[in-house]
Amino acid sequence: MFYDAVLAPLGWVRIWDIPRGLGYGPPGGGEKLNLFPYLDARAPGPGFHLAFDAPDRDAVDGFHAAALAAGGTDRGAPGPRPDYGPAYYAAFVTDPDGYRLEAVHQ
């Protein structure tokens, strides 16, 4: 599964799994992200962008590589983003459903 792969480098695992959704977070630390499919207007629309806090630059690199290997699309290779801040290091991808994701370490 795409999110299992891309969240692993950030230190997150699947916490729960039910037929209509998934929960992710640090092992033993409780859920931090819940994913539910919506087939109506409540789903995120154009302009939606989800950023994940990465523990270090290697995690950003791993997130990007895992996303591409799992069917994501590159939207910005890992690297410094000085326009966002002097210590901003990030990578950008689009998931297989078209949602824009970022992993960032500062």
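No lab work stands behind these numbers, since they all come straight from the coordinates. Just so it is clear, the structure is predicted and the values come from calculations on it, not from any experiment. Glycine also receives a Cβ, built like all others from the backbone with ideal geometry; neighbour counts cover every protein chain displayed.
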- Task: Pick out which of Asp53, Asp17, Asp74 has the largest mean-square fluctuation in a Gaussian network model of the chain, springs linking Cα atoms closer than 10 Å.
- Result: Asp17
- Message: Connecting C-alpha atoms closer than 10 Å in a GNM of the chain, tell me which of Gly21, Gly79, Gly11 has the biggest fluctuation.
- Response: Gly21
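Relative contact order of the stretch 2-105, please, whole-number percent, based on alpha carbon pairs below 8 angstrom and at least 6 residues apart. Walk me through the numbers before you get to the answer.
On the way: 196 pairs, mean separation 26.4, N = 104.
The normalised contact order for the stretch 2-105 reaches 25 percent.
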- Task: Among Pro55, Leu22, Pro80, pick out the residue whose Cα is farthest towards the positive end of the charge dipole of the stretch 2-105, where Lys and Arg carry +1 and Asp and Glu carry -1 on C-beta, about the Cα centre.
- Result: Leu22
- Query: Which value in Å is the Kirkwood Rh of the chain over different Cα pairs?
  - Reply: 14.2
- Message: Using only Cα atoms and rounding to the nearest 10 degrees, what angle (0 to 90) does helix 57-69 make with the longest principal axis of the chain?
- Response: 50
